[in-house]
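One structure, pasted below without further comment.
Bear in mind that the values in this text are calculations on the coordinates, not laboratory data. This is a predicted model, so every value here is computed, not measured. Virtual Cβ from ideal backbone geometry, glycine too; neighbours counted across all protein chains shown.
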Amino acid sequence: MIRQSRTDLPVLGPLPPVLSYGGLSSAARREGLQLRPIHGAVLFLGLVLACGVAEAQTEPGQPGIVATILKWTPLLASGFALNIAISFIAMAIGTAAGFLLGIGQISLVKPLRKSAWFVTQFFRNSPWLVLLFYCMLLLPFEIVVGRTVIPLPDWIKATIGLALPVMANVSELVRGAIQSIPYGQWESAESLAFTRRQTLWMIILPQCIRRMTPPWMNLYAILTVATPLASIVGVNEAMTLTQDALAAEGRNELLVPMYFYLLAWFFIYCYPIARATQALERRTAVK
Amino acid sequence: MSWTPKEPIVSVRDVHKRFGAVEVLKGVSFDVMKGEVICIIGPSGSGKSTLLRCINALVPIEQGSILVEGQEVHDPALDKLALRRKVGMVFQQYNLFPHKTALQNVMMAPLHVLKQDKAEVEARARRLIKKVRLEGKEDAYPGELSGGQQQRVAIARSLAMSPDVMLFDEVTAALDPETVKEVLVTIRELAAEGMTCLLVTHEMGFARELADHIYFTDRGVIVEHGPPAEFFANAKDPRTRQFLSQIL
């Protein structure tokens with residue numbers, strides 16, 4: 001697979017943005033895709049506005065909107081901690097499994113390569129929610145190994161369910177990064193008598209890490225905002241607890257501010273990740 | 001092994017190679033004696049680079065035989081490690097490992113492939129870097145070096161395996177005119193030390209000065225060959241003359 005692009009030519013860089021039509025210049029493109037502080041400001045303005053509107057609808061004698069939100073904040077925080085835990089564990093499992101799968105996709109052994117490709121495509125193109133339901137329904141609630149019983153609580157099952165699409169995406173990241181390394185690197189390593197395995201581990205993969213880090217962080221941000229999916233299968237994470245809090249309050253005007261509030265939590269968590277990803281991308285960009 | 005230095009160190013016999021429908025080598029034969037400098041010249045696409053890669057077993061051949069120190073390169077049972085210890089190769093695009101410093105680039109293969117002692121490898125690598133006149137650049141990364149400097153690191157990296165034959169594949173073709181010289185100086189020194197060198201090159205002046213024998217290839221065959229004085233002065237084949245008239 002890798003050996004198709006046999007060439008002595010230098011790899012051409014992207015064209016400079018001199019075209020007068022046919023696409024945005026690279027500067028304009030970058031600007032359009034970047035998450036900037038202004039986006040956060042708009043979100044918080046929305047939150048304040050929602051609180052204001054809700055406050056106006058509050059019936060006399062009931063506690064204020066902000067006070068109510070603050071009352072539920074410790075509970076929401078505990079739920080959000082579970083979201084973070086799910087995202088961490090799912091990312092760790094998905095990365096480890098996806099890495100192996102990605103290596104499998106460039107294997108010289110055809111059956112291995114084809115099956116790694118199939119598994120990758122299957123999990124990459126399945127809806128996340130469907131995978132989540134599969135895991136909830138197909139995994140047992142406990143695993144018995146000899147005499148020890150390992151319980152599998154719902155949130156662990158959900159974590160595994162979310163790890164599957166992460167795995168498939170990491171697999172593609174690894175495969176793409178390996179194939180983006182110029183063929184000359186393989187050739188010179190081979191001429192120095194490195195084995196294929198040595199070449200992969202000592203020469204190719206170390207160069208891939210830098211290329212893979214920004215999209216990998218991006219994937220993590222996507223995974224984090226996908227963790228509320230676990231609420232649908234009954235895991236007590238932030239989204240579920242928000243719904244519980246709303247049910248307990250029974251006040252319609254709270255609906256919009258509370259969900260806005262939850263959104264703000266995710267934004268605050270993901271914003272630094274997005275900024276760091278952009279900074280890394282700029283540093284590793286082709287000049 | 002039965003090979004003695006009196007026999008050719010590289011012996012190419014009737015080598016054929018095709019990429020799909022394109023036959024790049026159509027029966028090439030030549031011999032190289034130990035310590036000789038051979039230049040292979042010819043128009044683009046005449047199979048020069050492929051020929052070098054066949055000698056190093058980077059590219060398999062369909063027909064014919066290539067012996068390096070008496071050993072058949074395309075024998076399926078060949079110990080490729082043993083072959084590649086004997087044959088070093090330098091590429092047009094340098095192909096240094098960009099995540100390693102110059103010194104690490106030179107040290108990697110002896111350390112991890114030959115499993116030699118680290119202190120000894122490092123001492124040798126430092127000597128080689130000095131030899132290619134890059135003292136002080138040991139800790140520079142390839143991205144911080146000029147093309148000519150990178151190419152000299154690549155030469156040092158090949159030499160670190162202590163090869164008996166060096167293959168140079170258009171090693172100056174990607175360089176600025178000013179830096180071409182520094183690389184040629186390095187190759188000249190190697191040749192003077194008695195290293196067997198096979199060069200694919202477009203540097204005619206260099207070929208004329210340094211080569212013991214020149215081969216002109218066109219469309220997969222050796223059209224003409226001879227010692228440089230004779231080759232440049234009275235080329236007989238019209239294709240050679242046309243090529244030389246365009247280049248000189």
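Could you work out how far helix A:128-138 tilts from the main Cα principal axis of chain A, as a 0 to 90 degree angle to the nearest 10?
Helix A:128-138 sits roughly 80 degrees off the main axis of chain A.
Counting each DSSP H run of 4 or more residues in chain A as -39500 (n - 2.57), what helix-only mean residue ellipticity at 222 nm follows after dividing by all residues, to the nearest 500 deg cm²/dmol?
-23500 deg cm²/dmol
Moving on. Checking the cross-link filter: which lysines have an alpha carbon closer than 29 Å to that of B:Lys26, excluding same-chain neighbours under 8 positions apart?
List returned: B:Lys6, B:Lys17, B:Lys34, B:Lys48, B:Lys80, B:Lys86, B:Lys236.
Then there's this: Order of B:Arg13, A:Arg197 from fewest to most other C-beta atoms within 10 Å?
Ranking B:Arg13, A:Arg197 by Cβ neighbours within 10 Å, fewest first, gives A:Arg197, B:Arg13.
Please report, largest first and rounded to whole Å, the three semi-axes of the ellipsoid equivalent to region B:66-194, where each semi-axis is the square root of five times an eigenvalue of the C-alpha gyration tensor.
Output for region B:66-194: semi-axes of 24, 18, 13 Å.
Local charge sum around A:Ala54 (other residues, Cβ-Cβ under 12 Å, Lys/Arg +1, Asp/Glu -1)?
-3
Give the aspartates and glutamates reachable from A:Lys110 as a straight Cα distance under 19 Å; neighbours fewer than 8 places away on the same chain don't count.
Cross-link targets: A:Glu172.
As an exercise, take the mean of 1/r over every pair of distinct alpha carbons in the protein assembly as shown, invert it, and state the Kirkwood radius in angstroms.
Value: 28.0 Å, from the Cα pair sum.
On C-alpha positions alone, give me the angle between the axis of helix A:255-284 and the longest principal axis of chain A, in degrees, nearest 10.
Long axis of A:255-284 versus the principal axis of chain A: about 20 degrees.
Quick one: net charge of B:Ala191's neighbours, Cβ under 12 Å, K/R +1, D/E -1?
Once all neighbours under 12 Å are counted, the net charge is -4.
So how long is each side of chain A along the principal axes, counting just the alpha-carbon atoms, biggest first, in Å?
82, 67, 27
Using just the alpha carbons, could you tell me how many Å³ per residue the convex hull of region B:135-215 encloses?
Per-residue hull volume (Cα only) is 102 Å³.
By the gyration tensor of its Cα atoms, with a ≥ b ≥ c the square roots of the eigenvalues, what is the shape of region B:171-248: rounded for a/c under 1.5, prolate for a/b over b/c, or oblate?
Judged from the Cα gyration tensor, region B:171-248 comes out prolate (a/c at least 1.5, a/b above b/c).
Extension gain A:Ala96-A:Leu139, at 0.36 nm per residue separation less the Cα-Cα distance, in nm?
So the extension gain works out to 13.5 nm.
For the pair B:Glu189 and B:Lys130, how long in nm is the line joining their label points, each one 7 Å along Cα→Cβ?
1.1 nm
Kirkwood hydrodynamic radius (Cα pairs, Å) of region B:1-145?
The answer is 17.4 Å.
In terms of Cα to Cα distance under 21 Å, which lysines are near enough to B:Lys181, apart from those fewer than 8 places away along the same chain?
B:Lys130, B:Lys131, B:Lys137
Can you give me the relative contact order of chain A as a percent, contacts being Cα pairs under 8 Å and 6 or more apart?
26 percent
For region A:141-179, which trypsin sites (Lys or Arg not before Pro) pass both filters: DSSP loop (anything but H, G, I, E, B) and at most 10 other C-beta atoms within 10 Å?
Those satisfying the criteria are A:Arg147.
With a 10 Å Cβ neighbour count serving as the proxy for reagent exposure, in which order, fewest first, do A:Phe122, B:Phe168, B:Phe243, B:Phe91 appear?
Ranking A:Phe122, B:Phe168, B:Phe243, B:Phe91 by Cβ neighbours within 10 Å, fewest first, gives A:Phe122, B:Phe243, B:Phe91, B:Phe168.
May I pose another question? Among A:Gly46, A:Pro153, A:Trp216, pick out the residue whose Cα is farthest towards the positive end of the charge dipole of chain A, where Lys and Arg carry +1 and Asp and Glu carry -1 on C-beta, about the Cα centre.
The listed residue farthest towards the positive side: A:Trp216.
Hey, another quick one. Mind pulling the angle between the C-alpha long axis of helix B:147-159 and the longest principal axis of chain B? Nearest 10 degrees, somewhere in 0 to 90.
90 degrees
May I pose another question? When averaged across all projection directions, what area in nm² does the alpha-carbon convex hull of chain B cover?
13.9 nm²
If we count other beta carbons within 10 Å of each Cβ, what is the order of B:Glu120, B:Glu7, fewest first?
Sorted ascending by nearby Cβ count, the order is B:Glu120, B:Glu7.
Tell me, what is the percent relative contact order of region B:145-246, built from C-alpha pairs under 8 Å that lie six or more residues apart?
21 percent.
Considering Cα pairs under 8 angstrom that are at least six residues apart, work out the relative contact order of chain B and quote it in whole percent.
Reported as a whole number, the value is 26 percent.
Then there's this: Using a cut-off of 14 Å between beta-carbons, work out the net charge of the residues near A:Trp117 (Lys and Arg +1, Asp and Glu -1, A:Trp117 not included).
Taking every other residue near A:Trp117 into account, the sum is +4.
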